[in-house]
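The values are calculated or read from the model by the stated rules, or taken from the named source; none is laboratory data. Just so you know, these numbers come straight off a predicted model, no measurement behind them. Here Cβ is always computed from backbone atoms with ideal geometry, including for glycine, and neighbour counts include all displayed protein chains.
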Amino acid sequence: MATTETNDGHGEAHGETRRDFLYIATGAVAAVGIGSIAWPFIDQMNPDAASLALASTSVDISALGEGESMTVMWRGKPVFIRKRTPTEVEEAKEVPLSELRDTDARNPNIGTGEATDANRAVQGREDLLVMIGVCTHLGCIPLGQAGDFDGWFCPCHGSHYDTAGRIRRGPAPENLAIPPYSFPDESTLVVG
Amino acid sequence: MAGHGPKTHFKNPAVRWLDSRLPIVSMMNDQAIVFPTPKNLNYMWTFGAILTFMLVTMIVTGITLAMHYAANTAIAFDQVEKIMRDVNFGWLLRYIHAVGASMFFFAVYMHIARGLYYGSYKAPREVLWMLGVIILILMMATAFMGYVLPWGQMSGWGATVITNLFSAIPLVGPSITEWLWGGFAVDNATLNRFFALHYLLPFVIAGVVILHIWALHVAGNNNPTGVSVKSSKDTVPFSPYLTIKDGFAIVIFMILYAWFVFYVPNYLGHPDNYIQFNPLVTPAHIVPEWYLLPFYAMLRAIPDKLGGVIVMFASLLILLVIPWLDTSRVRSARYRPMFKIAFWIWVVTCIALGYLGAMPAEGIYVILARIFTLYYFGFFLILMPVLGIIETPKPLPNSIADDVLAKSKKKHADVHTGSGAGTPEGAAAAPKKD
């Protein structure tokens, strides 16, 4: 538009320049308009307020005995809660990090960390393991206390997880994910 | 349309490759770019594009709403409230859709009125017009079934009243009504099938719209003079002239539409529809949406069940035969002084019937509704055939170009006799691009 001012002193540019500007300005307004009206149509498919309201699940774990597991629903997915036996804990602790396929703890409760057993288990309660029970390969639910590493085994495509839920063999790329959780008191676990 | 192989030569080899195998690019070029359009079309001719825009808007918002709706009497009402409160932008989608129904009918009534005024239903456009009437009837069925889906009091009782229209048919009426309901009253089966059909019919409409546009592109547009296109001097290419004009009209239309959506989204609705359907209690005043009120008034004007139903359906079906009821050889009301008056009285009649349809069916309202119903039919059945014979039309222009030139010469003269400000560029520029 710089040329406009120098053209004829009436704010009139040569026809083409002015028209080009109008075309581009109109196109820009149309693009912004189409973009802003497209967003509601895309966003309506995102989880709605009711789905987000289901984002935390409270569980009473006082009845959970050693070597026992329970599964609860959180955001439509299973969450495995397992009180591990000392054997299982030892087994997990003995695995050197170098043998792990995925060395990330995948535990949002501790931030980032290496996939040691201590980083995978609940802080201060090394027997307790809370994980999202969804195979990191393609989303099936692994079977508990199965597979070559005494942890979990996904029957869909043969992924083996160990007693800390870490991927050891098979096509899955990551350790079983750990959900954010908290303990308002000794016997209550809040997932989410 | 095309079908005779490519006519246009394209520089781009990929386009040429495609076009020689499927001449879709040629077709779009012939029908939407270079398509010759009368140069004198006024803004009443933009409602075709506005209606296309509305159909797309309704289908897109409808599909997204269907992603969150459930056609089950136990949850349908709550599901709509969920859309309003929980779904991201659900309120916006629902209001665009609900107000959209009204905007759609507003546009279609303008479109029909334009067709009537300028004689667009006359030869050679009879099939084009009849396809339009079919689209109108499909739109009404779709709108009615859509209004049932929120499962409020007006939904349920509107559905009850309209489906009971069919019970007026002698002998088989009650069986037909039960067949429509899938039971003995408006219930879950009814809601479910109405949802299925409400989803289907817009695509049927889209199909008929394609035929409608096809028929339009065979005969070409009518125009305010009603005089047929005689040479290329009478026309301009569809693009950019009409694409820009239609686009501008759509923008203006969207401003009005947005005002309703954002400021008075429930103005055209009925508060009773925010009460869940109760099959045991009918609301005190049961009225259809405004766009169906004239027909509802005609239904109630007749003191006989079967007669009322026949009159109501006849008021729509009569539109199918008006190309043969109108005996005048002049298309445009611009040159038909008597028809012009009759037409405007008919417009007032439709508005009056709309008002009466919303009033209680008693006393003076019924009497007035009968008078206006009489005129509604009299306009088509008596005035159209008779006026064509007794009326003396004004002289027609020789061609569209002549008419446009005469107008711009007049404007030219006005400018010079007036204040003298401004150059009469328009007068010289108008016929330049032929």
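Taken over the range B:365-390, the residue count meeting the criterion of being more than 29 Å from the chain's Cα centre (by Cα) and touching a residue at least 60 places away in the same chain (Cβ under 8 Å) is 1. Test B:Ala189 against the criterion of being over 21 Å from B:Tyr147 (Cβ atoms) and assigned by TED's automatic domain parsing to the domain that holds B:Thr57, and give yes or no. Judged against the criteria, B:Ala189 is not a match. Checked against (1) away from chain B (no Cβ under 14 Å); (2) modelled with pLDDT under 90; (3) surrounded by fewer than 11 Cβ atoms within 10 Å (Cβ to Cβ), A:Ala28 passes all but a single condition, namely (2).
Residue-wise test of (1) under 19 Å from the mean Cα position of the chain (by Cα); (2) hydrophobic (A, V, I, L, M, F, W, C); (3) not in a helix (DSSP H, G or I).
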residue	(1), (2), (3)
B:Lys233	no, no, no
B:Ala249	yes, yes, no
B:Met254	yes, yes, no
B:Thr282	no, no, yes
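Looking at (1) outside any helix (DSSP H, G or I); (2) over 28 Å from B:Tyr365 (Cα atoms); (3) hydroxyl-bearing (Ser, Thr, Tyr), can you tell me which one B:Thr243 breaks? Single failed check for B:Thr243: (1).
With A:Arg169, A:Arg120 as the choices, which residue is surrounded by fewer than 18 Cβ atoms within 10 Å (Cβ to Cβ), basic (Lys, Arg), more than 21 Å from A:Ser56 (Cβ to Cβ) and modelled with pLDDT of 90 or more? So the residue among A:Arg169, A:Arg120 that is surrounded by fewer than 18 Cβ atoms within 10 Å (Cβ to Cβ), basic (Lys, Arg), more than 21 Å from A:Ser56 (Cβ to Cβ) and modelled with pLDDT of 90 or more is A:Arg169. Restricted to the range B:336-386, and to residues there that are aromatic (Phe, Trp, Tyr) and farther than 14 Å from B:Met298 by Cβ, the residue that is surrounded by the most Cβ atoms within 10 Å (Cβ to Cβ) is B:Phe339. Residues that are within 14 Å of another protein chain (Cβ to nearest Cβ): which helices (runs of 4 or more DSSP H) entirely in the range B:1-94 hold 2 or more of them? It comes to B:47-66, B:76-85. Quick check on the range B:96-117. Is at least one of its residues within 14 Å of chain A (Cβ to nearest Cβ), outside any helix (DSSP H, G or I) and closer than 22 Å to A:Pro40 by Cβ? Among the residues of the range B:96-117, not one is within 14 Å of chain A (Cβ to nearest Cβ), outside any helix (DSSP H, G or I) and closer than 22 Å to A:Pro40 by Cβ, which makes the answer no.
Looking at this structure, is B:Ile213 touching a Ser or Thr at 6+ places or on another chain (Cβ under 9 Å) and under 21 Å from B:His111 (Cβ atoms)? Here the answer is yes, as B:Ile213 does meet what is asked. The criterion of being in a helix (DSSP H, G or I), surrounded by 15 or more Cβ atoms within 10 Å (Cβ to Cβ) and of a type outside the set (Phe, Trp, Tyr) does not hold for B:Thr225. Checked against (1) over 17 Å from A:Lys83 (Cβ atoms); (2) at pLDDT below 95; (3) part of a strand (DSSP E or B), A:Phe153 passes all but condition (2).
Taken over the range B:19-29, the residue count meeting the criterion of being surrounded by 15 or more Cβ atoms within 10 Å (Cβ to Cβ) and either over 22 Å from B:Phe238 (Cβ atoms) or touching a residue at least 24 places away in the same chain (Cβ under 8 Å) (or both) is 2. Residue check: A:Cys154 meets all listed conditions (1) surrounded by 15 or more Cβ atoms within 10 Å (Cβ to Cβ); (2) in contact (Cβ under 8 Å) with a residue 40 or more places away in the chain but one, namely (2). A:Ser182 meets all of the listed conditions (1) in contact with a helix residue (DSSP H, G or I) (Cβ under 9 Å, 6 or more places away or on another chain); (2) assigned to a helix (DSSP H, G or I); (3) small (Gly, Ala, Ser) but one, namely (2). Taken over the range B:4-45, residues that are hydroxyl-bearing (Ser, Thr, Tyr) and over 17 Å from B:His217 (Cβ atoms) amount to 2. Checked across the range A:60-81, the condition of being closer than 26 Å to B:Met67 by Cβ, at pLDDT 90 or above and of a type in the set (S, T, N, Q) holds for no residue.
Residues are listed down the side, and each one gets a yes or a no for (1) in contact with a Lys or Arg (Cβ under 9 Å, 6 or more places away or on another chain); (2) in the same structural domain as B:Tyr376 (by TED's automatic domain parsing); (3) among the polar types (S, T, N, Q); (4) farther than 27 Å from B:Tyr118 by Cβ:
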site: B:Tyr291; (1), (2), (3), (4): no, yes, no, no
site: B:Pro294; (1), (2), (3), (4): no, yes, no, no
site: B:Ala301; (1), (2), (3), (4): yes, yes, no, yes
site: B:Leu306; (1), (2), (3), (4): no, yes, no, yes
site: B:Val311; (1), (2), (3), (4): no, yes, no, yes
site: B:Ala314; (1), (2), (3), (4): no, yes, no, no
site: B:Leu317; (1), (2), (3), (4): no, yes, no, no
site: B:Leu320; (1), (2), (3), (4): no, yes, no, no
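The helices (runs of 4 or more DSSP H) found wholly in the range B:311-395 and carrying at least 3 residues that are under 20 Å from B:Trp290 (Cβ atoms) occupy B:337-358, B:364-378. Against the condition of a type in the set (Gly, Ala, Ser), within 16 Å of the chain's Cα centre (by Cα) and under 25 Å from B:Gln276 (Cβ atoms), how does B:Ser120 come out, does it pass? Criteria not met by B:Ser120.
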